[in-house]
Amino acid sequence: MEQPFSTSKVTVEYFDPHDVYKLLAPGLIPRLPLRDLNWQSHAGPLRSISTLHVELIPSGADTSVIFSPLSSTNPKGGPTPNDAASQPPKDDGFLTAQIGGGARPASTEQTDTTLRVPAAATKERRHQIPGLRRTPYLKILLVRCDDNDTYKSTTRAEIREWIKANTPPSQGKTGSHAEIHDAFEWLVLHVVLPNTVAATQPRTAGAKVLDSSSSTTKSRWGGGSSTLLEKMRHDFNGSTKGSVDRVRQIRIGINDVPYNMLPRVVPAVPTGYHESEQESEAAWADLIGKIKELILSSFDTRVTQYEEDIKEKDGQRSLPGWNFCTFFILKEGLARGFESVGLVEDALVGYDELSVGLDAIINAQSKSGSPEAHGGALLGFTPDLKDTAQQAIREIVDGNLEFDEEEAVDLQAGERRMLDQSDSIPITSSRKAYRELILANNVSLFDFRCYIFARQISLLLRLGNAWSTREELLTKLKEQQEMVPKGVAPRAPAPKVTEEPENLLHLAEICKRTLEFVPAISTVMREDIIAAILSTRQGEDGEATQITLAPAQTEIVDNMVSSFAFSVAQQILAQTSTKALPIPQSILDDTPDQKAAIPEPKSIMHPTRTSSIAGHRPPPSPGFPSGRMDDHTLSAPYLKSGLEELAARRAELYALSRNILEECGKKRGWSDGWASVPTVGESGINELEDVSLDDTAEDLEPRTAPGLHTSIAGVKTTLLRTALDNRDDFYRLYETLTDKALRHFTVANHWHSVQASMADLAVLKFHLEDYSEAAKYFHSVIPFFGEGGWSLLELSMLVMYARCLKQLQKLDEYVNHALRKLLCKAAVAEKARLEHKSRFRIGFTSAAEYPEAAAITGFLSDLLSVSETLEKDIRIPLTGFFCNMGLDGPPFYDEGQDSFSLFLDMQSLLVDEFEADSVSLRIVSPAFAGNREIWLQTEKPVTIYPGPNKVRVQSTVMMAGTFQVDQIRLCSKKVLLHYERDISDKSSSSGLRNATLTLYQRASCLDVQVVGSKDLQLDQKKLLDLELSTGWNNIKTCEVKIRSATGGLRLIMNEVEVIGDNQPTKSEGGSFKFGAIPEKSILKIRFPFTVEQDLLDVAVRAEVTYSTDRGSFTFTRTSIIPISLALEVNVQDVFKHHALFSRFAVSTASDSPLRLFKSELLSSELFESHFGQPSSHPILIFPKQPTGLLYKITRRPEINPGPTTKKTLYLKLYYSVLQDEIEHLFKTALSKALESSPLWEFSKALTSKLVYVVRKSLSPHDLEKAGLLGELSTSFLLKTNWEALFPGLTPVATSSSTDISSTNLANFIVSWAKGHPILHLPHPDPSTFETNTITIPVDIPPVAIVHTADIILQQPLPTVPGTDSETGCPTVCTNQVIPATLHLKWTRTWDTADNPAFDRDLEFGYEITAPGDTWLLGGRRKGHFVIPGGSELSSEPGKTEAEIGMVMIPLREGYLTMPGVEIREVQSGNEEGVGMGMVSGGFGGTGIHCETDCRNLGETIYVVGDRAKVTLSLDASGPGGGPLVLECERGYNGDGARVVV
């Protein structure tokens, strides 16, 4: 029978006739295992063998078993009956097999120096099928030879005898295939002891010794003498070229040999040679290298022969008599060879190929029906399974159905007892003699598949460095190292054993293959057992007449298959357990325990009885598992490749075990809870679990045949038998397996599987009526199924969750977490049903599953009734219960009152009707960011029915403009259904149809207008006028609130003026309360305002709350009022001695022309204004063409200025803006046309849109053209899409039956525009037309002194004869002397300021200036004059005037302007001060403002040349090619002189 052996080591046999192995071992064992071997594959790349374990066995030992040469002290004896090797343990796959072997012989003090060939080494008969024996790859002969004489006399002959006995003469030449399959190499190792002649010899004759001068040494080793090593190599290595060196020598140090083993005879002639430490280490390295070389050589020889034989056998498949079992043993021999040297991957490939080959053979046999023709027939059934089935049937027949009490309780048996239970470890190659059965063709398909799978798992465990195989090899290495004799130090340090990490990918591969193996082997096993039972019946009846099984037999088959599958899954889980998996804490027990996080094989295979009965604590939180590990679980050792894959596969194995348990429990009526799940759909739950939802409580009871009870006969797995013993243990194991699968799925990040496992636990707890635990699980798992689209399953869970909370009396959670979600999800399913029903479909489609109304009925009433007991309101999104929400049509305006209504469509998705206390809706205006809002509400409670509903909501708040629905609220008791949308977010879909509406103000309703005051005075506060028109409302009480809607605008309400008979009864701040106001009345409120910064317009919000006979109403309007000035005025002042002339330039401040009707400059107490003849018609002012107004201002001489004297004048302008006139014209004309039309109620809407279009359409050019022509074309109105400007219109409930819509309004405007193609601008009469006025304050700047300078020519002035002196422009000749007088005077008439600096004398300087190339001036061009201080206003010439003579000579011809005069104040300490202009003065050193009026400004003198006759030459001889002046005669000086040039 085959014995187990290590899967990663080769056997090396040694023959130790001189008992020197124990001296060699201290240096050899620490250098094992062999490392870094390279073998060239015949069909692939170079293979590397990182570690090769070597098992040293003594010659004569049984190589078919695994043993250690250190197990015994008898080297020459074989293994004793008491040795561990004589009773090898079974390879259970869980624990390391106990390694034992041939015992070491006891050492004796007398050394037998005669080498005897062991009896075990004699020739034995080989098996005809290679691969069945385990033979050594290398045989080593340990030789002790102390001197040359011994070698010549005995040792050489003994070596030859050993070589002849152990080496076949045909090896390496023409040996048989069987011999080549067991090919091996041999090696002679000479062990040299100290104090011997051999120890004094060098390894080679040419080696140097320490004392080369010794003559004795020369005579002893001179000439042709050679060392012992050289002699051995010469005798046994062969003389042919390329022969293998098979002799090595190792010298043992004197300190490495026990004293009793040291030779007592010392060589008489010492040579002085001693081996150094480096030479010793080199010798050991050479020995190890030779061992590796020889092992690989024998391995290569074996592989070559195996491959040739396999190729030959494979080519004989089609021949008669070809047997797959024989082929299997042959090919498996190659795989085991690969395995022995550590090439596990190659071995695994071999077994995979054999597995595929077996499948192909079975398929071919099943198709042909002739097994013998396709590889040979296998057994029809497995004898072991037949015996087990017969035993189980006898248990049932005898009535032995009770569970063994001792076996059930004692679940903590020892490891040896656990290993003896072979049913707990079903998959192992040592379970039975599989290879002998296969070789004998006496194997069933079940055993065949189990053996192949066991070998595959064994190899994968080795690749994965699993704890079982790793501990086996480490134990072997440790035993080899411990063989060093006591008191002898090892010659080489022991290698450090480093724990290599597991390869999680290979462990995951094991689990993956198991998941594929269990279903397949279960089918094979079921057929095997049935065939065994049928064979028994056939033997009893003589023929197989019955092909069906009895119920008891079917029960036995199911139990055996379930037990085997369960055991396989548990075995693989134990073998693949690793500490590298950071398994989180169990949700069934919150006690932190590292053992709970890392499963132990024993606890998985055999859980304790006490722990399975112990109560379970609740999970740490309803949201577990979160997938987050503790900090220590995320350390570096756990972050390795394949972790998630291994965790996922192990979780699937746990799920497989749970499914097996579940199927066994169904036969006993123990449901997992899914059968009792509430039905919300016809087949929604059936798709998830294969259970019937139509079963009643009676149907869920155990269904057994009459007179037959369920039995555990055939269940050999202790854990499964324990669980099937009673209901509590069943559910406890079910929870445990589900929990383990959940935790492994958490590590694998398989979130869907985690939630599915959590759902299983929740349903189980609900089934067991553990509502507290079930509620926690449901709370965690329900959101996942909702997001994943499992609507029916989610609804079923919500129903169970609600029942749990109701049983626990957690009303708050019952309402907010269970009922709320349940109703919302049911509504979502109903919405999906409606969409599916309305969807257009082509062809056949599968029917969708939707919840039944009966399963959800009643929960809504529970929600409403329980909500009254809660403290807070329950807020639920309205879209969760309703769909297809939207406004049904535009607003409906109520007749005779200022209110409107909206009809809200909403389809209820609930299955129950309910009464809503109120339904409200809010609309807001996007233009004002939600500041303008209106709430609409039902007048009384309404009943909401399942399906479509139409609800009317009404509002007494009126506000014109465009609005959008942003909130809907439905209140029923303490349940608030709300809907909110962000109107600013255009990208998101609102889910609300027709959410935009437009409210129009009717002509008969109350109206409020806020406009700027037509009278404006710039030095006072600006005014705004609020005009309130009551319309058809007979107001009882009224309250007007005025608020600023612009930042920086301040309304001054303490200066409000109410114009008219209706005065407020109470006013406070911006609120004014009035009493009764009759219909069609107008109320005006005027109030000033200020702004913090310059603004073009301001916004004012007016809210009017009033009550009539029909109720209370509110009207709100936000008006935008332009406050910028329509015109601009610039002024230019010219000071004279007795008057001031001011020119005002008036221009428009916009693109629209202005019409100026009248202007006034209002006089003050100190000044008086004068104006010429005013215009008889209004003046039209265009942009960039201002008009000028010239006023003469004189001072009243009788008035002396004082502190209270009013000095400011006011310019008052009466004007109108042409664009305002045009807008008023269109508005008046359209309103007149609408008076007799049914559209009169919408006249305000029509006129406002018309004014908007006119303002937008008219360009500045159109306005100028209209101002010039006095008419305007209306053709631009025909280009406007009027219908788009009137959205949301509905027929008005009036006595007229005419429908008013946007189309009717658009047609009316178009027809009106066509009927009035030209509108003539009226010529407004200032006396009747209400014009705008603006009053501008005009301040006269105080001027201290006004100087007047006048150059007067002396008369008579000699002029050129023949000129006209009456034109006012004298004519003189060049260089003519012109006498003149400078006349200076000053006045303080325009000094209106009180300046103390005027009390002192003021000194001024004058200067006459003229261009140097124009005038030559003579006389006093510069001078000073003093104005005495404290001088009063006087007109006496002697005090205010002065005359200064001067001479002027013109230097060139033409019109020459008169010289100018500059007058400047002279500062003290300087001759002159800062210069001032001739007209405009400046400030001198004393800061006095002066003006100079130069009377000669603009006057000219015509200067001509003094020439009577000129003679010219007409040729080009002059300068520059021009004429040449020959002579010139002066004719105006009277002397007749002639000048010749």
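Test V1146 against the criterion of being surrounded by fewer than 16 Cβ atoms within 10 Å (Cβ to Cβ), in contact (Cβ under 8 Å) with a residue 60 or more places away in the chain, in contact with a strand residue (DSSP E or B) (Cβ under 6 Å, 6 or more places away or on another chain) and not charged (D, E, K, R), and give yes or no.
Working: surrounded by fewer than 16 Cβ atoms within 10 Å (Cβ to Cβ): no; in contact (Cβ under 8 Å) with a residue 60 or more places away in the chain: yes; in contact with a strand residue (DSSP E or B) (Cβ under 6 Å, 6 or more places away or on another chain): yes; not charged (D, E, K, R): yes.
So V1146 fails the test.
With respect to the conditions (1) in contact with a Cys (Cβ under 9 Å, 6 or more places away or on another chain); (2) within 28 Å of E1330 (Cβ to Cβ); (3) among the charged types (D, E, K, R), D1061 lacks only one, and its number is (1).
Pairs meeting the criteria (first residue in the stretch 1371-1386 and touching a residue at least 40 places away in the same chain (Cβ under 8 Å) and more than 19 Å from V1504 (Cα to Cα), second residue β-branched (V, I, T) and open to solvent by 30 Å² or more (accessible area, probe 1.4 Å), beta carbons under 6 Å, at least 6 apart or on different chains) are T1381/I1352; H1383/I1352. Considered as a group, the residues in the stretch 1088-1111 that are in contact with a strand residue (DSSP E or B) (Cβ under 7 Å, 6 or more places away or on another chain) and open to solvent by 60 Å² or more (accessible area, probe 1.4 Å) include one that is farthest from R1495 (Cα to Cα), and that residue is R1101.
Criterion applied to D300, D286, D314, D256 was being open to solvent by 10 Å² or more (accessible area, probe 1.4 Å) and within 18 Å of A183 (Cβ to Cβ), and the one residue passing it is D300.
The number of residues in the stretch 335-380 being within 17 Å of E436 (Cα to Cα) and open to solvent by 20 Å² or more (accessible area, probe 1.4 Å) comes to 4.
To keep it simple, each residue is scored yes or no on (1) open to solvent by less than 60 Å² (accessible area, probe 1.4 Å); (2) closer than 20 Å to L795 by Cβ; (3) at pLDDT 80 or above.
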position	(1), (2), (3)
A848	yes, yes, no
G858	yes, yes, no
G880	yes, yes, yes
F903	no, no, yes
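Does any residue of the stretch 286-305 turn out to be free of Cβ contacts under 8 Å to residues at least 60 places away in the same chain, charged (D, E, K, R) and within 23 Å of P194 (Cβ to Cβ)? Yes, because at least one residue in the stretch 286-305 is free of Cβ contacts under 8 Å to residues at least 60 places away in the same chain, charged (D, E, K, R) and within 23 Å of P194 (Cβ to Cβ).
When L1416 is tested against (1) open to solvent by 80 Å² or more (accessible area, probe 1.4 Å); (2) at pLDDT below 90, just one condition goes unmet, and that condition is (2). In the stretch 1038-1066, the residues that are open to solvent by 60 Å² or more (accessible area, probe 1.4 Å) form Cβ pairs under 7 Å with partners that are in a loop (DSSP other than H, G, I, E, B), at six or more places apart or across chains, as follows: K1041/G1070; R1043/G1070; T1065/G1075.
Going by the conditions given, is E345 modelled with pLDDT under 85 and of a type in the set (D, E, K, R)? So E345 does not fit the description; no. Within the stretch 1241-1252, identify whether any single residue is over 30 Å from Q897 (Cβ atoms), modelled with pLDDT of 85 or more and open to solvent by 70 Å² or more (accessible area, probe 1.4 Å), and answer yes or no. No - not one qualifying residue is present in the stretch 1241-1252.
In the set (1) more than 22 Å from P891 (Cα to Cα); (2) touching a residue at least 40 places away in the same chain (Cβ under 8 Å); (3) open to solvent by 60 Å² or more (accessible area, probe 1.4 Å), L910 fails one condition alone, (3).
Among the residues of the stretch 1160-1176, those identified as open to solvent by 30 Å² or more (accessible area, probe 1.4 Å) and in contact (Cβ under 8 Å) with a residue 12 or more places away in the chain are E1160, L1162, S1163, E1165, E1168, H1170, F1171, G1172, P1174. Scanning the stretch 1256-1272 for any residue that is among the acidic types (D, E), modelled with pLDDT of 90 or more and part of a strand (DSSP E or B) turns up at least one such residue. The lone criterion from (1) in a helix (DSSP H, G or I); (2) modelled with pLDDT under 90; (3) among the basic types (K, R) left unmet by K716 is number (1). If you go through the stretch 1301-1345 and pick out every residue that is assigned to a loop (DSSP other than H, G, I, E, B), open to solvent by 10 Å² or more (accessible area, probe 1.4 Å) and either polar (S, T, N, Q) or in contact (Cβ under 8 Å) with a residue 12 or more places away in the chain (or both), you end up with 17.
Give, as residue ranges, the helices (runs of 4 or more DSSP H) completely inside the stretch 373-474 that count at least 2 residues that are closer than 30 Å to D729 by Cβ and at pLDDT 85 or above. Steps first, please.
Numbers: elements: 383-398, 405-409, 415-420, 434-439, 445-463.
Because the criterion is at least 2 residues that are closer than 30 Å to D729 by Cβ and at pLDDT 85 or above, the helices (runs of 4 or more DSSP H) in the stretch 373-474 that meet it are 383-398, 445-463.
The values are calculated or read from the model by the stated rules, or taken from the named source; none is laboratory data. Computed from a predicted model, the values in this text were never measured in an experiment. Using ideal geometry, Cβ is built from the backbone for each residue, glycine included, and neighbour counts are taken over all protein chains shown. Note: areas computed on protein heavy atoms with side chains; ligands, DNA, RNA excluded. Shrake-Rupley method; radii C 1.70, N 1.55, O 1.52, S 1.80 Å.
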